[in-house]
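The values are calculated or read from the model by the stated rules, or taken from the named source; none is laboratory data. Here the structure is a predicted model, which is why all the values come from computation and not from measurement. Virtual Cβ from ideal backbone geometry, glycine too; neighbours counted across all protein chains shown. Heads up: the accessible areas ignore ligands, DNA and RNA and are worked out on the full protein's heavy atoms, side chains in. Shrake-Rupley method; radii C 1.70, N 1.55, O 1.52, S 1.80 Å.
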Amino acid sequence: MEKPKFNWSIWMGVVLSIFAFLSYPLLFVNWPVTRDFPWANIALFVVAAFLLFVGIRRAFAPGRRRLSKIFSALGALLSVLVLGMFILVAFIGSRWLPASTRAPQVSQKAPGFTLNDTNGKPVSLTELVLQPINGKPAKGVLLIFYRGYW
Amino acid sequence: MRSIQKNLDQFNAVGIRPVAISVDSPEESRELCQKAGYTFTFLSDPDLEAIGRYDLVHKGQGIKGHDISRPAEFLVDATGTVRWRMLTENIWVRARPEQILEVAKALQ
């Protein structure tokens with residue numbers, strides 16, 4: 001029986017699949033090209049799958065220890081779970097949004113509001129629309145509703 | 001948000017004022033603006049005044065299980081009329097600034 005060698009491709013595959021998942025919310029979401037569709041992350045998963053495939057083949061080659069087979073199978077299983085999580089976060093859970101049927105439509109009046117700015121000063125939609133920008137009358141406002149960070 | 005800041009001069013040049021709205025408190029938004037270098041207006045809507053009127057409430061989705069806003073963008077002209085909107089189907093997908101600038105240029 002040959003001396004067991006470290007099956008690096010399995011572990012590289014596992015680490016890479018975890019990176020492929022985490023790099024979407026932490027890194028690739030910063031650029032529209034890699035955010036609107038997670039190309040980069042899918043590419044990383046493909047490379048991870050290749051490494052895992054190579055690793056599994058090596059682990060199940062004749063002469064390998066049973067422990068190597070068990071670990072490589074667990075590693076592959078973990079990677080599949082990570083891929084599942086990624087699909088859930090990037091494609092499925094991200095679409096669970098309320099219907100918003102009463103949201104103002106194009107050519108409808110935008111509902112007014114008065115909210116505090118970062119200095120705690122109340123600001124109304126009317127003021128935002130009327131306040132000049134760099135000395136010139138404003139043509140409009142872009143309201144960006146976002147989920148918030150806290 | 002980052003892409004809005006990057007294109008802020010262009011938005012100002014076409015007479016459009018970007019305004020970010022969330023349930024975060026003024027202090028939390030101020031901290032975010034300082035950290036990320038955002039210089040446009042951030043409004044705090046913890047009682048869902050505007051978020052409710054625009055029908056954007058996403059129940060129980062905050063970190064503390066509180067109600068938050070779903071992501072959405074509205075371009076409102078000087079008469080207070082909605083001229084363009086984007087209610088994304090996927091929270092990771094947002095309108096691109098070039099897309100909004102294109103519409104903004106068409107405003108009289």
Most mobile listed residue (B:30, B:94, B:53) in chain B, GNM with C-alpha springs under 10 Å = B:53
Whole-Hz ³J(HN,Hα) from phi, Karplus 6.51 cos²θ - 1.76 cosθ + 1.60, for the range A:116-121, glycine and proline x = 7, 7, 5, 9, x, 8
ask   = Looking at the range A:67-128, which trypsin sites (Lys or Arg not before Pro) are in a loop (DSSP not H, G, I, E or B) and have at most 12 other Cβ atoms within 10 Å?
value = A:102
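DSSP beta bridges in chain B, what fraction antiparallel, as a percent rounded to 5?
Values: 7 of 11 bridges.
Around 65 percent antiparallel, to the nearest 5.
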ask   = Between residue B:59 and residue A:22, how many nm apart are label points set 7 Å from Cα along the C-beta direction?
value = 3.5
key: Between 0 and 90°, nearest 10: helix A:66-87 axis offset from chain A longest Cα axis   = 20
key: Residues with amide H under 5 Å from that of residue B:81, placed H, sequence gap 5 or more   = A:110
FRET efficiency, residue A:80 to residue A:102 (Cβ-Cβ, R0 45 Å, nearest 0.05) = 0.60
task = Could you state the angle between the C-alpha long axis of helix A:8-26 and the longest principal axis of the C-alpha atoms of chain A, as a value from 0 to 90 degrees rounded to the nearest 10?
result = 10
task = Starting from the amide H of residue B:41, placed 1.01 Å from N in the peptide plane, find each other amide H under 5 Å away whose residue is 5 or more places distant or on another chain.
result = B:20
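Heavy atoms only, probe 1.4 angstrom, no DNA, RNA or ligands counted: give me A:8, A:39 ranked by accessible area, highest first. Write out the running numbers ahead of the final one.
Values: A:8 125, A:39 155 Å².
The ordering from most to least exposed comes out as A:39, A:8.
Within 15 Å, Cβ to Cβ, of residue A:34, how many net charges do the neighbouring residues add up to if Lys/Arg are +1 and Asp/Glu are -1?
Spelling it out: positives minus negatives among the neighbours equals +3.
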remark   = If each part is reduced to its alpha-carbon centroid, the range A:41-92 and the range B:23-88 end up apart, in Å, by 40
request  = Determine the calculated [θ] at 222 nm for chain B from helices alone, applying -39500 (n - 2.57) to every DSSP H run no shorter than 4 residues and normalising by the residue count; nearest 500 deg cm²/dmol.
outcome  = -9000 deg cm²/dmol
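With a Förster radius of 51 Å, plug the Cβ-Cβ distance of residue A:147 and residue A:67 into 1/(1 + (r/R0)^6) and report the FRET value to the nearest 0.05. The partial results should precede the final answer.
Values: r = 45 Å, r/R0 = 0.89.
E between residue A:147 and residue A:67, to the nearest 0.05, is 0.65.
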inquiry  = Helix-only estimate, please: 222 nm mean residue ellipticity of chain A, summing -39500 (n - 2.57) across DSSP H runs of length 4 or more and dividing by its residues, to the nearest 500.
reply    = -16000 deg cm²/dmol
note = Sequence order, the range B:41-49: Karplus ³J(HN,Hα) from phi using 6.51 cos²θ - 1.76 cosθ + 1.60, θ = phi - 60°, Hz rounded, Gly and Pro as x, gives 6, 10, 10, 9, 10, x, 8, 6, 5
query = Residue-wise, which Karplus ³J(HN,Hα) couplings in Hz belong to the range A:94-104, taking 6.51 cos²θ - 1.76 cosθ + 1.60, θ = phi - 60°, and x for glycine or proline?
reply = 5, 9, 6, 10, x, 5, 6, 6, 9, 5, x
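Considering every residue in B:29-42, what mean count of other chain Cβ atoms within 10 Å of its Cβ is obtained?
Working: counts 6, 4, 3, 4, 1, 1, 1, 1, 0, 1, 0, 2, 8, 6.
For this peptide, the per-residue mean of nearby foreign Cβ atoms is 3.
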inquiry  = Could you compute how much accessible area chains B and A hide from each other, both sides summed, with a 1.4 Å probe? Nearest 100 Å² is fine.
reply    = 6300
query = To the nearest 10 degrees, how steeply does helix B:26-36 sit against the main Cα axis of chain B, on a 0 to 90 scale?
reply = 60
task = Count charges around residue B:28 for me, please; just the other residues with Cβ under 13 Å from its Cβ, Lys/Arg as +1, Asp/Glu as -1.
result = -1
query = Going 7 Å from the Cα of residue B:27 toward and past its Cβ, which residues in the range B:46-62 have a backbone nitrogen under 17 Å from where you end up?
reply = B:46-47
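How large a share of the accessible area of the range A:40-131, in percent, is made up of carbon and sulfur atoms when the probe is 1.4 Å and the other protein chains stay in place?
70
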task = Enumerate the amide H contacts of residue A:133 below 5 Å, restricted to partners 5 or more residues apart or on another chain; note that Pro and chain-start residues carry no placed amide H.
result = A:138
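If you count only protein heavy atoms with a 1.4 Å probe, what accessible area per residue comes out for chain A, rounded to a whole Å²?
Values: 8900 Å² over 150 residues.
So chain A comes to 59 Å² accessible per residue, rounded to a whole number.
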ask   = Does any residue of the range B:75-91 lose at least 30 Å² of accessible area with all protein chains in place compared with its chain alone, and if so which ones (probe 1.4 Å)?
value = B:76, B:78, B:80, B:81, B:82, B:85, B:89, B:90, B:91
ask   = Using a 1.4 Å probe on the protein chains only, how many percent of the accessible area of chain B belongs to carbon and sulfur?
value = 47
